[in-house]
Amino acid sequence: MQLLASLFLPTYPDPPGPKVVSNAVAVASQLGAKLDAAVINVDIPDVSNALSSLLLDLPEKIREVNAASRKRGKALLGTVAAEAARCNITLTSQELRAQPAFIGEAAAGEGRYFDLCMVGWARDTESSRMTAEEVVFSSGRPTLILPGDEDVGALDHVVIAWDGSRVAARAVADAKPFLERASTISIITVTDEKVLPSEDIGDRLAHGLAARGLRVKAESIHAVDNEIGAALEDHAIRINGSLLVMGGWGHSRIRDFVLGGATEGILSDLRLPVLMSH
């Protein structure tokens, strides 16, 4: 059964980084997946009154913002189509609309119809982080978060952040298409951040994956004075990992996410592709 992946491209207030499209198409190619590209254009309702219309010409400003968002969306879909054709990827596309506060929610709702969601991440761009959070925690699908400024290359060294938790187990299961294609799999367990179920949890996961015919090794690390998210990324980069797999911990409180330490750290400073499951 062929994998169906969806790429979400919000166009307001800023479009994704320049590499998100090419990276997403490259991932679809590596997985042999069909790709759906969905731009999410902003739809700001006209809530102006007579005074604001007179002083600020608010309706015209709203029309300009909406039109600029749609223009960026058209350009992004054109870029995806060209890149998919170059890589011989089967592509479908769509244009979604949402009010500013519900762009991530629109992406998450649409993502439920696919096997894998992909979103871009850009430093100091709050909209990209908010969309990523919403898709991770509300879509019910694994979400691949892609850096927006550099090529990701082949995702052939998969690093699993493992603490024996439910969400970590979910992430490992969701990572199956990547694990099956990996030349190297590393399991890392941070031992000084919280109480773990036992001392051998990394070895037990490694044994299970090896029994499935995968090449895997396990090791333990110490965060020391680093934040847990930074420690995971630092180590993954140090061992030349190309993809970090981890569970996303958090819950929603009136649309304000309360995130776990590792999740918060990764979403604050993404330095390599991360597959996150909740």
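The values are calculated or read from the model by the stated rules, or taken from the named source; none is laboratory data. The shown structure was predicted, so the numbers you read here are calculated from the model rather than taken from an experiment. When we count neighbours, we look across all protein chains shown, and the Cβ atoms used for this are built from the backbone with ideal geometry, even at glycine.
Among Val172, Val159, Val152, which is in a loop (DSSP other than H, G, I, E, B), hydrophobic (A, V, I, L, M, F, W, C) and touching a residue at least 24 places away in the same chain (Cβ under 8 Å)?
Just one listed residue meets the conditions, Val152.
With the condition kept exactly as written, say whether any residue in the range 231-240 is buried (at least 20 other Cβ atoms within 10 Å of the Cβ), among the charged types (D, E, K, R) and assigned by TED's automatic domain parsing to the domain that holds Ala161.
yes
Kindly evaluate Glu64 against the criterion of being in a helix (DSSP H, G or I), modelled with pLDDT of 95 or more, of a type in the set (Asp, Glu) and assigned by TED's automatic domain parsing to the domain that holds Gly109.
On the way: in a helix (DSSP H, G or I): yes; modelled with pLDDT of 95 or more: no; of a type in the set (Asp, Glu): yes; assigned by TED's automatic domain parsing to the domain that holds Gly109: yes.
In short, no.
Considering only residues that are closer than 19 Å to Arg70 by Cα and free of Cβ contacts under 8 Å to residues at least 60 places away in the same chain, which ones fall in the range 1-42?
Across the range 1-42, the qualifying residues are Ala37, Val39, Asn41.
Those residues that are out of contact with any Phe, Trp or Tyr (no Cβ under 9 Å at 6 or more places or on another chain) and buried (at least 16 other Cβ atoms within 10 Å of the Cβ), I need them from the range 172-184; list them, please.
Initial filter on the range 172-184 (out of contact with any Phe, Trp or Tyr (no Cβ under 9 Å at 6 or more places or on another chain)): 173-184.
Hits for the range 172-184 are Asp174, Ala175, Pro177, Phe178, Leu179, Ala182, Thr184.
Can you name the condition, by its number, that Ala154 falls short on among (1) under 14 Å from Val27 (Cα atoms); (2) among the aliphatic types (A, V, I, L, M); (3) touching a strand residue (DSSP E or B) at 6+ places or on another chain (Cβ under 8 Å)?
Condition (3) is where Ala154 drops out.
Testing Gly148 on (1) surrounded by fewer than 24 Cβ atoms within 10 Å (Cβ to Cβ); (2) modelled with pLDDT of 95 or more; (3) touching a helix residue (DSSP H, G or I) at 6+ places or on another chain (Cβ under 6 Å), one condition comes back false. Which one is that?
Gly148 satisfies all of (1) surrounded by fewer than 24 Cβ atoms within 10 Å (Cβ to Cβ); (2) modelled with pLDDT of 95 or more; (3) touching a helix residue (DSSP H, G or I) at 6+ places or on another chain (Cβ under 6 Å) except (2).
Quick one: which residue in Leu77, Leu96, Leu91 is in contact with a Ser or Thr (Cβ under 6 Å, 6 or more places away or on another chain) and either of a type in the set (Val, Ile, Thr) or in the same structural domain as Pro45 (by TED's automatic domain parsing) (or both)?
Just one listed residue meets the conditions, Leu77.
Taking the residues in the range 105-115 that are charged (D, E, K, R) and outside any loop (DSSP other than H, G, I, E, B) as candidates, determine which candidate is nearest to Leu76 (Cα to Cα).
It comes out as Glu110.
So, in the range 185-210, of the ones that are among the small types (Gly, Ala, Ser) and loosely packed, with under 15 Cβ neighbours inside 10 Å, which residue ends up farthest from the chain's Cα centre (by Cα)?
For the range 185-210, the residue satisfying everything is Ser198.
Name the residues in the range 1-50 that are outside any strand (DSSP E or B), closer than 22 Å to Glu105 by Cα and not hydrophobic (A, V, I, L, M, F, W, C), would you?
Hits for the range 1-50 are Thr11, Tyr12, Pro13, Asp14, Pro15, Pro16, Gly17, Asp43, Pro45, Asp46.
Being within 22 Å of Ala26 (Cβ to Cβ), in a helix (DSSP H, G or I) and hydrophobic (A, V, I, L, M, F, W, C) is the filter here, so list the residues in the range 116-136 that pass it. Quick ask: steps written out before the conclusion?
To start, the set of residues in the range 116-136 that are within 22 Å of Ala26 (Cβ to Cβ) comprises 116-123, 125, 128, 131-132, 135-136.
Filter once more, so that each one left must be in a helix (DSSP H, G or I): 128, 131-132, 135-136.
Passing the criteria: Ala132, Val135, Val136.
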